[in-house]
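The values are calculated or read from the model by the stated rules, or taken from the named source; none is laboratory data. All of these numbers come straight from a predicted model, not from anything done at the bench. Here Cβ is always computed from backbone atoms with ideal geometry, including for glycine, and neighbour counts include all displayed protein chains.
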Amino acid sequence: MELSLLGNNAPILKWEKNQVVIPEETTIDEISSFLRNFAAWENISSIALADILEFAHRKDMLEELQGVFVEIDISPVEVSKALGIATVPKGLRHPSLTAEHYFVVSRLSTYDQTGWLQQSLDHKLNAMELKRSIEAGRIITKEEIAELSGRGSGIVNYHGMVNQWERWENKVGGTQAIKTWPTDVLTRWVADVEKVHSTIEAVKQELLFRQSNTKPTK
């Protein structure tokens with residue numbers, strides 16, 4: 001397999017016998033370029049997968065591709081996320097935006113996608129800042145997000161934990177995607193998060209107790 005990420009005139013790196021074969025004449029500038037392009041590949045590959053699956057969906061091929069997904073270990077979560085990214089018109093893409101930006105706006109109308117992606121460019125928002133801004137209906141600054149997460153305060157702030165949970169949930173495709181996980185994976189996940197669920201339920205019961213025992217003020 002050839003790894004041609006350097007341009008037409010550059011030496012071609014090859015993947016052979018479980019190793020990268022690099023031509024001896026490859027220069028430091030070419031290696032530097034390869035490393036930069038390689039670092040960007042994760043974002044590129046997510047968008048490329050979205051385009052491929054959008055084509056397959058349009059041609060009614062998705063069901064027939066299920067066996068291929070299993071063979072190459074593409075999970076239902078990844079498929080769901082890619083199809084979400086594919087809802088964003090290609091004309092709205094920009095080199096400064098990532099697959100995560102597109103996924104964040106994937107549930108919005110095309111009109112809102114256009115507006116929020118432009119806001120991301122204008123204000124140099126990362127995907128999490130974009131998500132927070134959409135939720136608030138206004139631009140949320142880095143400083144505000146840092147304050148919400150308790151950064152620099154020396155105190156554990158539950159907003160930070162909620163922030164991390166929402167970021168994780170966003171990456172896996174949300175509740176609907178989680179519900180598509182295989183039964184054994186879903187069973188383990190429910191067991192792993194049971195402690196958090198138990199704590200929340202206990203607090204809810206405490207609130208109900210307090211509310212039921214609160215006398216109305218005259």
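Condition (residue is charged (D, E, K, R), under 22 Å from Ile85 (Cβ atoms), modelled with pLDDT of 75 or more and surrounded by 12 or more Cβ atoms within 10 Å (Cβ to Cβ)) applied to segment 22-33: is it met by at least one residue? Taking every residue of segment 22-33 in turn, none turns out to be charged (D, E, K, R), under 22 Å from Ile85 (Cβ atoms), modelled with pLDDT of 75 or more and surrounded by 12 or more Cβ atoms within 10 Å (Cβ to Cβ).
None of Glu42, Glu25, Glu30 is on the phi < 0 side of the Ramachandran plot and in a loop (DSSP other than H, G, I, E, B) except Glu25.
Among the residues of segment 44-92, write down those that are more than 23 Å from Lys179 (Cα to Cα) and either crowded, with 18+ Cβ neighbours inside 10 Å or among the hydrophobic types (A, V, I, L, M, F, W, C) (or both). Answer for segment 44-92, where residues must be more than 23 Å from Lys179 (Cα to Cα) and either crowded, with 18+ Cβ neighbours inside 10 Å or among the hydrophobic types (A, V, I, L, M, F, W, C) (or both): Ile44, Ile47, Ala48, Ile52, Phe55, Val88, Leu92. Scanning segment 52-92 for residues that are within 16 Å of the chain's Cα centre (by Cα) and either more than 20 Å from Glu169 (Cα to Cα) or of a type in the set (Lys, Arg) (or both) gives a single hit, Lys81. Considering segment 152-184, and only residues there that are loosely packed, with under 12 Cβ neighbours inside 10 Å and charged (D, E, K, R), the residue that is modelled with the lowest pLDDT turns out to be Asp184.
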